[in-house]
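K.L.:
Dropping the structure in here first, questions after.
The values are calculated or read from the model by the stated rules, or taken from the named source; none is laboratory data. Keep in mind the model is a prediction, meaning the values are calculated, not measured. Cβ: placed from backbone, ideal geometry, glycine included. Neighbour counts: every protein chain shown. Accessible surface is based on the protein model in full, side chains and every heavy atom, while ligands, DNA and RNA are left aside. Shrake-Rupley method; radii C 1.70, N 1.55, O 1.52, S 1.80 Å.
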Amino acid sequence: MKYVCEATDVAEGKIKGFDVDGERVLIINGDNGFRASTGVCPHQEVLLEEGLFDGCVLTCHSHLWQWDVETGDAQGLAEGPLEMYQTKVEDGKVYITIPK
Amino acid sequence: MKITIDAKNKTWSFPGTAQESCLQSGLAAGINMPYECATGTCGSCQARLVEGEVEDCWPEAPAREKLGENVRLLCQCNPKTDCTFETNNIVYDYDNFTVTPKRTTGKITHFELLTADVAEIKVSVDKVIHYHSGQFVTLECKEVPGARAYSMTNFDAAAEELSFVIKRKPGGGWSNWLFEYGAGVVGKKLRVHGAFGKAVFTPDIGKNLLIIAGGSGIAGMMAILSRAAETGYFKQYRGDVFFGVRRPEDGFFLKTFQELAARNEGKLSITVAFSDAEATEYVRKRYPELQFETGFIHEVAAEKMDGRYKNVRAYLAGPPPAVEAAQRILIIQGKLAPADIRLDKFN
């Protein structure tokens, strides 16, 4: 797994983008803990860190595509799922696995 | 012959013939008449005949049995004279046309300064443009390269004259061209292309309206309000309008808002928010039907809409930061589904 950030870097209920091996990823501190996804909207390559987050549902600000951050499943207008990454928090540090 | 339907929200009139049922004539005229089976069995199209004579085409129709005195099935009666019916239904009209963008030409017929940096222009078009309320067209003139998108402020299903509001923008080629000529632009020829835009309103959406608009973004919203008010939409659904400008002297369309709010008896609430100043006594007294607040438009809307997002369709327009902030509030605070947030992006 790759180290991304300190857990304290992303406040509860917030999202933040990071670069990991040249790829933008989104770290999500949601209602059920830390999750991670691709940092780029699958629709039109907009950065998801500029989106909206209510603790459960992530919304891309550009065309309002939405996903459940527990599963990456599309909601509402979204026409496809969000690629989610395996996430682990250990000793206050957030790690993810980006599939090759 | 003239057929009149006195519905709960509005009185509609349309032509009828002895060969066609009142229901068929109404539907053909673009009125969304209440009906289901159209064949005399369900009773959905019942209405009380209050004036005139009709031919009862099927007196034994199954749905006739339970009807009261003078109550007829609109699908089973053809007019013999002008006639008037009363119905307890809310009845809207259809936007019974297809919008596909067309090119035409036109000329500016009117220029009026609404504030120091906002003007209204009217453009008569050589071919009718069909559009839904909330849509825009692009305008081009030979003096300035490129086309500019402007939303129509008026709604007319088959418009021969389009109205726009233009805000003067620093460095804006089109707006500066207009403002430098001033009333001298009247008579100038334009190329017109449209209509475009997805943030449209038609009465069949069946939802409370929420409009949040800053500055000249109010343009398309005026057409939406006009469409809704003309069809009696606010007899059934609530309307909340939030219009933001910097200072009282930047306000425009306030007289129109005042008239709309007065006509709609509390179902249409219109709030004007000034971001940089308090409302003056003058505007409060002159527009008593309007509410005035100080603050950014999205913050004012968030406070007043808290807990009132049930069955709401929102329309947003204006400066991108205000639109994005409003969008955030609607999704996070209002939990509105994205399909119920309509905006066209111009940035």
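K.L.:
Within the stretch A:89-99, track down each residue that is in contact with a Ser or Thr (Cβ under 9 Å, 6 or more places away or on another chain) and either modelled with pLDDT under 95 or exposed (fewer than 13 other Cβ atoms within 10 Å of the Cβ) (or both).
P.N.:
Correct list: A:Gly92, A:Thr97, A:Ile98.
K.L.:
Could you look through the stretch B:162-180, keep only residues that are open to solvent by 30 Å² or more (accessible area, probe 1.4 Å) and touching a residue at least 24 places away in the same chain (Cβ under 8 Å), and pick out the one that is nearest to the chain's Cα centre (by Cα)?
P.N.:
B:Lys167
K.L.:
Go through the stretch B:307-347 and count every residue that is of a type in the set (S, T, N, Q) and over 15 Å from A:Leu52 (Cβ atoms).
P.N.:
Here the count works out to 2.
K.L.:
How about the stretch A:53-74: which of its residues are of a type outside the set (Val, Ile, Thr), over 19 Å from B:Asp344 (Cβ atoms) and either within 9 Å of chain B (Cβ to nearest Cβ) or touching a helix residue (DSSP H, G or I) at 6+ places or on another chain (Cβ under 7 Å) (or both)?
P.N.:
Result: A:Phe53, A:Asp54, A:Leu58, A:Gln66.
K.L.:
Sticking with this one: Residues of the stretch B:59-88 being surrounded by fewer than 16 Cβ atoms within 10 Å (Cβ to Cβ), in contact with a strand residue (DSSP E or B) (Cβ under 8 Å, 6 or more places away or on another chain) and at pLDDT below 95, which ones?
P.N.:
B:Leu67, B:Gly68, B:Asn70
K.L.:
Scanning for something open to solvent by 60 Å² or more (accessible area, probe 1.4 Å), within 14 Å of another protein chain (Cβ to nearest Cβ) and in contact with a Lys or Arg (Cβ under 8 Å, 6 or more places away or on another chain), does the stretch B:336-347 turn up at least one residue?
P.N.:
Scanning the stretch B:336-347 turns up at least one residue that is open to solvent by 60 Å² or more (accessible area, probe 1.4 Å), within 14 Å of another protein chain (Cβ to nearest Cβ) and in contact with a Lys or Arg (Cβ under 8 Å, 6 or more places away or on another chain).
K.L.:
Let me ask something else about it. Examine the stretch A:27-43 for a residue that is within 14 Å of chain B (Cβ to nearest Cβ), at pLDDT below 95 and out of contact with any Phe, Trp or Tyr (no Cβ under 7 Å at 6 or more places or on another chain), and state whether such a residue exists.
P.N.:
no
K.L.:
Go through the residues of the stretch B:205-220 one by one and say whether even a single one is over 17 Å from the mean Cα position of the chain (by Cα), of a type in the set (Lys, Arg) and over 20 Å from B:Phe253 (Cβ atoms).
P.N.:
The first filter runs over the stretch B:205-220 and keeps only residues over 17 Å from the mean Cα position of the chain (by Cα), leaving B:214-215.
With of a type in the set (Lys, Arg) added as a condition, the list becomes none.
No, that holds for no residue.
K.L.:
Does the stretch A:1-29 hold any residues that are more than 14 Å from A:Lys93 (Cα to Cα), without any contact (Cβ under 8 Å) to a residue 40 or more places away in the chain and outside any loop (DSSP other than H, G, I, E, B), and which are they?
P.N.:
Passing the criteria: A:Lys16, A:Gly17, A:Asp19, A:Arg24, A:Leu26.
K.L.:
Another question about this same structure. Mind checking which residues of the stretch B:196-245 are over 22 Å from B:Ala322 (Cβ atoms) and in a helix (DSSP H, G or I)?
P.N.:
B:Pro203, B:Asp204, B:Ile205, B:Ser226, B:Arg227, B:Ala228, B:Ala229, B:Glu230, B:Tyr233, B:Phe234, B:Lys235
K.L.:
Still on this structure, I have one more. Out of B:Lys267, B:Lys304, B:Lys285, I need the residue that is over 21 Å from the mean Cα position of the chain (by Cα), open to solvent by less than 90 Å² (accessible area, probe 1.4 Å) and not small (Gly, Ala, Ser). Which one?
P.N.:
The unique qualifying residue is B:Lys304.
K.L.:
With the structure loaded, tell me whether A:Val40 is without any contact (Cβ under 8 Å) to a residue 60 or more places away in the chain and in contact with a Lys or Arg (Cβ under 6 Å, 6 or more places away or on another chain) or whether it fails that test. Write out each step before concluding.
P.N.:
Details: without any contact (Cβ under 8 Å) to a residue 60 or more places away in the chain: yes; in contact with a Lys or Arg (Cβ under 6 Å, 6 or more places away or on another chain): yes.
Yes: the conditions hold for A:Val40.
K.L.:
Further, regarding this structure: Within the stretch B:137-149, is even one residue in contact with a helix residue (DSSP H, G or I) (Cβ under 8 Å, 6 or more places away or on another chain) and touching a residue at least 60 places away in the same chain (Cβ under 8 Å)? First the steps, then the outcome.
P.N.:
Initially, the stretch B:137-149 is screened for residues in contact with a helix residue (DSSP H, G or I) (Cβ under 8 Å, 6 or more places away or on another chain), giving B:139, B:141, B:143-146, B:148.
Those left that are additionally touching a residue at least 60 places away in the same chain (Cβ under 8 Å): none.
Taking every residue of the stretch B:137-149 in turn, none turns out to be in contact with a helix residue (DSSP H, G or I) (Cβ under 8 Å, 6 or more places away or on another chain) and touching a residue at least 60 places away in the same chain (Cβ under 8 Å).
K.L.:
Name the residue that is nearest to the other protein chains (Cβ to nearest Cβ), counting only residues in the stretch B:300-333 that are part of a loop (DSSP other than H, G, I, E, B) and in contact with a helix residue (DSSP H, G or I) (Cβ under 7 Å, 6 or more places away or on another chain).
P.N.:
Step by step, filter the stretch B:300-333, then rank; the result is B:Gln333.
K.L.:
Within the bounds of the stretch B:155-166, is there any residue that is in a strand (DSSP E or B), farther than 27 Å from B:Ala116 by Cβ and of a type in the set (A, V, I, L, M, F, W, C)?
P.N.:
Scanning the stretch B:155-166 turns up at least one residue that is in a strand (DSSP E or B), farther than 27 Å from B:Ala116 by Cβ and of a type in the set (A, V, I, L, M, F, W, C).
K.L.:
Output the number of residues of the stretch B:32-62 satisfying the condition of being over 36 Å from the mean Cα position of the chain (by Cα) and not in a loop (DSSP other than H, G, I, E, B).
P.N.:
Result for the stretch B:32-62: 3.
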